[in-house]
Amino acid sequence: MIPKAFLKRLRNLPDIDLIEDLSRLKVYESDGLTALAVVPPAVVLPHNRIALEAVLSLCHEQLVPMVIRGAGTGLSGGATPLANGLLISLAKFNRILEIDASGFKARVEPGVTNLAISQAVEGLGLFYAPDPSSQIACSIGGNVAENSGGVHCLKYGLTLHNVCGLKVLLADGRLLHLDDDQLWSDGFDLLALLHGSEGMLGVIVEVTVNLLPIPDAVTVLMAGFDSTEAAAHAVSAVIAEGVLPAGLEMMDRLAIQAAEDFVAAGYPRDADALLLCELDGALDDIEGMVNRVSSVLQGSGAKSLARADDAASRARLWQGRKAAFPAVGRLAPDYYCMDGTIPRRHLANVLAAIAERSTHYGLRVANVFHAGDGNLHPLILYDVNAEGELKRAEAFGADILQICLAHGGTITGEHGVGLEKIDQMCVQFSEVELGVFHAIKAAFDPQGLLNPGKAVPTLNRCAEFGAMHVHHGQTRHPELPRF
């Protein structure tokens, strides 16, 4: 628990809302990974940066650990509270501070939702490219913390590639201003380092994003296939043609039918797999791209092919994909959303391996994912109230991550490690690499107060997990901390 003396001092800080009532605290007990829940002892919502600095300074002085929370839409337990720490919500940091249309930039606070940025600049003919499925709710600060992607990440990149400036408070309340406005910059690339840092290195208080002109022409192609294998091979064939789609998404039969039942997007119910391919560019170029990609899809075995050119038709097709997660949620009491990334050429083999594991564990799985960059999101269906199903779902998820690693991939593409994948970090990274991660953490947060126990495992944990052998007394680099 948090010391009473600390709480007393916290209550006296100006410009904060402090939540201590149990019924209200339970709202914050988990992020999107609801299987891991801890009711925090207290939640504080600072009204402004000065108030936030005072909270951080007090926590640093009293050695009280902290978890920073955005919208709580994360799926890996990165915002799971601590039983002995303070949860700090940035929900009140929700202002768009400046829009620089001529410079193609916007300055926003971390609590601004992803979609709100594009909505604010649409009238200027601009948009913000990264668009996670939860963009209506997820915050830009959380997007930076997880390095989120979305449907358009194939062509336009992840959050990292669309942010040019950050203001970050360190654990003791000091301000770190990272700006990439110049053509080059000296020193280490700390702006990149903060992306995907999962609240372990600092507290994001301002984000400057790059904006792009809305393309002159956009078309979405929808192709239905008789097998996931054929659709997977078609993904590589489209890229090999030399066309870079704005988005290239794949859904299997279970996801197709769930989405169609939920939003009636017009998907082919008889297809075993579906590809959505968005092409954008100049008016003079779009028809040529559409013809080339259509030919590739048909040559790869597409049994149906439709196109949507007007905004309403395109939105309807994307609505099914964007609503796939809640749609699948109607099929079972619970589902476990995984996140791993593999080279595109291995898509067919990995999907077959996931299907085999589904049979092994006796749990259905719906696949809906960013096929263009190999970012998988298998949704494992289970019932937490059925004895043993949660453990089977977690074991199934761990197997999927192992399959990704075995095919030269990684254990997360955009959802982060948090608590969910921390043991698999022991498999993906060596003792030396983990030591460097810990050294970076110590440089930013020497007291280890920001989101402790998340994302980067200790070497002892890895030894207990059986992923490496830690030899006591082993010679280490003198500048790396011992764990």
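The values are calculated or read from the model by the stated rules, or taken from the named source; none is laboratory data. Everything numeric here is computed off the predicted structure, so don't read it as measured data. Please note: Cβ atoms are built from the backbone with ideal geometry, for glycine as well, and neighbour counts cover all protein chains shown.
Values as computed for the structure displayed
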{"quantity": "Residue check for Leu18: in a strand (DSSP E or B) and outside the structural domain of Ala120 (by TED's automatic domain parsing)", "calculated": "yes"}
{"quantity": "Options Val417, Val368; residue that is buried (at least 23 other Cβ atoms within 10 Å of the Cβ), of a type outside the set (Gly, Ala, Ser) and either under 30 Å from Val243 (Cβ atoms) or at pLDDT below 95 (or both)", "calculated": "Val368"}
{"quantity": "Close pairs (6 angstrom Cβ cut-off, 6 or more residues apart or separate chains): surrounded by 17 or more Cβ atoms within 10 Å (Cβ to Cβ) in region 317-332, acidic (Asp, Glu) anywhere", "calculated": "Arg321/Glu249"}
{"quantity": "Test: residue in region 448-461 that is hydroxyl-bearing (Ser, Thr, Tyr), surrounded by fewer than 15 Cβ atoms within 10 Å (Cβ to Cβ), modelled with pLDDT under 95 and outside the structural domain of Pro65 (by TED's automatic domain parsing)", "calculated": "no"}
{"quantity": "Residues of region 238-273 satisfying the condition of being in a loop (DSSP other than H, G, I, E, B) and in contact with an Asp or Glu (Cβ under 7 Å, 6 or more places away or on another chain)", "calculated": "Pro245, Ala246, Tyr267, Arg269, Asp272"}
{"quantity": "Residue match in region 399-414 (condition: of a type outside the set (Gly, Ala, Ser) and touching a His at 6+ places or on another chain (Cβ under 7 Å))", "calculated": "yes"}
{"quantity": "Scan of region 1-55 for residues that are among the β-branched types (Val, Ile, Thr) and under 23 Å from Glu146 (Cα atoms), ordered by number", "calculated": "Val27, Thr34, Val38, Val39, Val43, Val44"}
{"quantity": "Sole residue being under 19 Å from Pro46 (Cα atoms), charged (D, E, K, R) and outside the structural domain of Ala79 (by TED's automatic domain parsing), chosen from Lys155, Lys167", "calculated": "Lys167"}
{"quantity": "Boolean, Tyr382 is surrounded by fewer than 24 Cβ atoms within 10 Å (Cβ to Cβ) and aromatic (Phe, Trp, Tyr)", "calculated": "no"}
{"quantity": "Lys322 being modelled with pLDDT under 95 and out of contact with any His (no Cβ under 9 Å at 6 or more places or on another chain)", "calculated": "yes"}
{"quantity": "Set Ala237, Ala230, Ala258: member being in the same structural domain as Arg321 (by TED's automatic domain parsing), over 23 Å from the mean Cα position of the chain (by Cα) and more than 18 Å from Asp373 (Cβ to Cβ)", "calculated": "Ala230"}
{"quantity": "For Ala386: the one exception among (1) farther than 22 Å from Pro326 by Cα; (2) over 24 Å from the mean Cα position of the chain (by Cα)", "calculated": "(1)"}
{"quantity": "Residue check, Ile19 surrounded by 14 or more Cβ atoms within 10 Å (Cβ to Cβ), modelled with pLDDT of 95 or more and farther than 30 Å from Leu379 by Cα", "calculated": "yes"}
{"quantity": "Residue in region 33-55 that is closer than 29 Å to Val417 by Cα, among the acidic types (Asp, Glu) and touching a helix residue (DSSP H, G or I) at 6+ places or on another chain (Cβ under 9 Å) present", "calculated": "no"}
{"quantity": "The one condition in (1) surrounded by fewer than 17 Cβ atoms within 10 Å (Cβ to Cβ); (2) outside any helix (DSSP H, G or I); (3) within 29 Å of the chain's Cα centre (by Cα) that Cys277 fails to fulfil", "calculated": "(1)"}
{"quantity": "Among the residues listed as Arg307, Arg292, the single one being modelled with pLDDT of 95 or more and out of contact with any strand residue (DSSP E or B) (no Cβ under 8 Å at 6 or more places or on another chain)", "calculated": "Arg292"}
{"quantity": "Selection within region 154-177 - touching a His at 6+ places or on another chain (Cβ under 6 Å) and either surrounded by fewer than 22 Cβ atoms within 10 Å (Cβ to Cβ) or modelled with pLDDT under 95 (or both)", "calculated": "Leu160, Lys167, Asp172"}
{"quantity": "Some residue of region 431-446 being surrounded by 18 or more Cβ atoms within 10 Å (Cβ to Cβ), of a type in the set (Lys, Arg), at pLDDT 95 or above and closer than 22 Å to Asp189 by Cα", "calculated": "yes"}
{"quantity": "One residue from Gly78, Gly85, Gly74 being in contact (Cβ under 8 Å) with a residue 60 or more places away in the chain and either hydroxyl-bearing (Ser, Thr, Tyr) or closer than 18 Å to Leu22 by Cα (or both)", "calculated": "Gly85"}
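Matching residues to (1) among the polar types (S, T, N, Q); (2) surrounded by fewer than 14 Cβ atoms within 10 Å (Cβ to Cβ); (3) part of a loop (DSSP other than H, G, I, E, B); (4) at pLDDT 95 or above:
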| position | (1), (2), (3), (4) |
| --- | --- |
| Lys8 | no, yes, no, yes |
| Ser23 | yes, yes, no, yes |
| Lys26 | no, yes, no, yes |
| Asp31 | no, no, yes, yes |
| Val39 | no, no, yes, yes |
| Ile50 | no, yes, no, yes |
| Ala54 | no, no, no, yes |
| Ser57 | yes, no, no, yes |
